[in-house]
Amino acid sequence: MKKINHLLQLGSILLMIGAIILFVVASKSVKQVGAPNFDLTRWEDVDLFILKLGFNCLIGSFVLSVSSFFFSVKWLNKKENK
């Protein structure tokens, strides 16, 4: 049970790092959105894909963190009952 919890935490950390990297890569395009000379046609599909992938990594990291929390609570309850 402890090993599963560690793997969930590691996966959560890796997904969070991946999300941060993807958001940093797309930040140049995102900063231009409110500018007066902003042209939506210059946005490429890659920028949108990177933003969607970063958001999905962020959600995946959150899900793994919540599952890790539940596994740790379950593990502590089993340890307490013994």
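The values are calculated or read from the model by the stated rules, or taken from the named source; none is laboratory data. Remember, it's a predicted structure, so these values are computed and weren't measured experimentally. Reconstructed Cβ throughout: ideal geometry from the backbone, glycine too, with neighbour counts over all protein chains shown. Protein only, heavy atoms only, side chains kept; ligands, DNA and RNA dropped before computing areas. Shrake-Rupley method; radii C 1.70, N 1.55, O 1.52, S 1.80 Å.
For (1) acidic (Asp, Glu); (2) assigned to a helix (DSSP H, G or I); (3) touching a residue at least 24 places away in the same chain (Cβ under 8 Å), each residue gets a yes or a no:
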| site | (1), (2), (3) |
| --- | --- |
| Met16 | no, yes, yes |
| Val24 | no, yes, no |
| Ser29 | no, yes, no |
| Asn37 | no, no, no |
| Leu51 | no, yes, yes |
| Gly54 | no, yes, yes |
| Leu58 | no, yes, yes |
| Leu64 | no, yes, yes |
Next on the checklist: Of everything in the stretch 7-31, what is among the polar types (S, T, N, Q) and more than 8 Å from the chain's Cα centre (by Cα)? Give them in sequence order.
Outcome noted: Gln9, Ser27, Ser29
Checklist entry - How many residues are in contact with a helix residue (DSSP H, G or I) (Cβ under 8 Å, 6 or more places away or on another chain) and part of a helix (DSSP H, G or I) when one looks only at the stretch 39-49? => result 1
Item to check | Every residue from the stretch 28-59 that is modelled with pLDDT under 75, open to solvent by 80 Å² or more (accessible area, probe 1.4 Å) and among the hydrophobic types (A, V, I, L, M, F, W, C) | outcome: Leu40
Next on the checklist: I'd like to verify a number: residues in the stretch 25-64 that are closer than 28 Å to Ser12 by Cβ and of a type in the set (Phe, Trp, Tyr), how many?
Outcome noted: 3
